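Q: Provided herewith is a single structure, encoded as C-alpha cells, for subsequent inquiry.
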Amino acid sequence: MAGRLTLIYRKLYSRFGPQHWWPGDSPFEVAVGAILTQNTNWQNVEKAIKNLKRYKLLNPQKLHKLPQQRLAFLIRPAGYYNVKAKRLKYFLDFLFNAYGGDIKKMSRFGTEVLRRQLLLVNGIGPETADSILLYALGKPIFVIDAYTKRILGRHRLIGEGATYENVQNLFMENIKNDVGLFNEYHALLVRLGKEFCAKKKGKCDLCPLDSPNS
C-alpha cells in the first residue's frame, strides 16, 4: 500500500506540479476559510473573505464582536450564510474561551488535543477540523474529503463502506507523516477530483493515474 500511495503522489505531482495550498494571508484567515468552504466552492469563499477584508474585519477580535446578522450578510457569497455565521461564532467562542482569541497560542498544543477540542465545536466535523489543523496550524494530519474517497474507491484502494478514519489511517500509516507532503498530496487529489474524477461522469480514460481497471 505504501508503494501504491507513493506512486499516486508522484504521478499527480508530475502532472500538476505544486498546488500552493491553502490560500490565505494568515492562519486565522485559513481557519475561517475552512469553515466557509463547507458545501461550496472556493470561488464563493474568496468573495466572502474579500467582503470581510474590505471592512477590515478579518481578525479574531473584530469578528468575535461583530453581530451575527452582520457577519451573515458579509459572508452571503459562501452560501448557507446564516448557518456558517453561527459556526464561525461557535469557533470564535471556542478560540477565545480556550486560547484568549490567539490562534498562535492554540498552535502550541498537540494535534490530538486540538483535534478533540475542535470536534466538540458545533458545526466542525472531521474534515473541517483537520483542514484547520493542517493548513492553519501546520499539524501533520491528512485531510480526507469526497474527492479522496471517490478516487481511492475507483482505484480499488478502499471499500465502499470505508469511514473517514479508515481512509485517513491509510495515509497516516503508509506515507511519511510530514506537513508539507500531506498538504501537497491532498491538494493534488482535489485537483484530480475536480478535473478528472467527477461524481457522475469521470474522465477515466484520460486520468493521470490511468483507468481504475489498469
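Q: In nm, give the distance between the simple-model label positions of residue 160 and residue 116, each being 7 Å from the Cα along the Cα-to-Cβ direction.
A: 3.6 nm
Q: Cα centroid distance between region 39-53 and region 136-150, in Å?
A: 20 Å
Q: Summing Lys, Arg as +1 and Asp, Glu as -1, what charge do residues with Cβ under 14 Å from the Cβ of residue 101 carry, residue 101 excluded? Don't jump to the answer; show the numbers that get you there.
A: Numbers: positive: 62, 65, 89, 104, 105; negative: 93, 102.
With Lys, Arg at +1 and Asp, Glu at -1, the neighbours total +3.
Q: Over the chain, with a single point scatterer placed on each C-alpha, what log10 of the ratio I(q)/I(0) does the Debye formula yield at q = 0.08, 0.10, 0.12, 0.15 1/Å?
A: Taking Cα atoms of the chain as identical point scatterers yields -0.30, -0.46, -0.65, -0.98.
Q: What is the spin-label model distance, in nm, from residue 176 to residue 53 if the labels are put 7 Å beyond Cα along the C-beta direction?
A: Spacing of the two 7 Å Cα→Cβ label points: 3.3 nm.
Q: Find the relative contact order for the chain and round it to a whole percent, using C-alpha pairs within less than 8 Å whose residues are 6+ positions apart. Don't jump to the answer; show the numbers that get you there.
A: Values: 230 pairs, mean separation 51.8, N = 214.
In percent, rounded to a whole number, it is 24.
Q: For region 157-214, which GluC sites (Glu not before Pro) are in a loop by DSSP, counting at most 16 other Cβ atoms within 10 Å?
A: 160, 173
Q: In square nanometres, what is the average projected area of the Cα convex hull of region 27-136?
A: Details: hull surface 23.5 nm².
Convex hull of Cα atoms, orientation-averaged projection: 5.9 nm².
Q: Among the trypsin sites (Lys or Arg not before Pro) within region 54-94, which fall in a DSSP loop and have no more than 11 other Cβ atoms within 10 Å of their own Cβ? Display every interim value, and only then the final one.
A: Values: sites: 54, 56, 62, 65, 70, 84, 86, 87, 89; in loops: 56.
Passing both the DSSP loop test and the Cβ count: 56.
Q: Provide, for region 27-136, the number of lysine pairs with alpha carbons under 15 Å apart, each pair being eight or more places apart or on different chains.
A: Working: 47/56; 47/84; 53/62; 56/65; 62/89; 65/86; 65/89.
Total qualifying Lys-Lys pairs in region 27-136 comes to 7.
Q: Follow-up. State to the nearest 20 debye the size of the charge dipole of region 27-136 about its Cα centre, where the only charges are +1 on K and R beta carbons and -1 on D and E beta carbons.
A: Numbers: 18 positive and 7 negative charges, 107 e Å.
The calculated dipole for region 27-136 is roughly 520 debye.
Here, each number is a calculation from the coordinates, and none is a lab measurement. As the structure is a computational prediction, the values presented were derived from the model and not from experiment. Note that each Cβ is placed from the backbone with ideal geometry, even for glycine, and that neighbours are counted across all protein chains shown.
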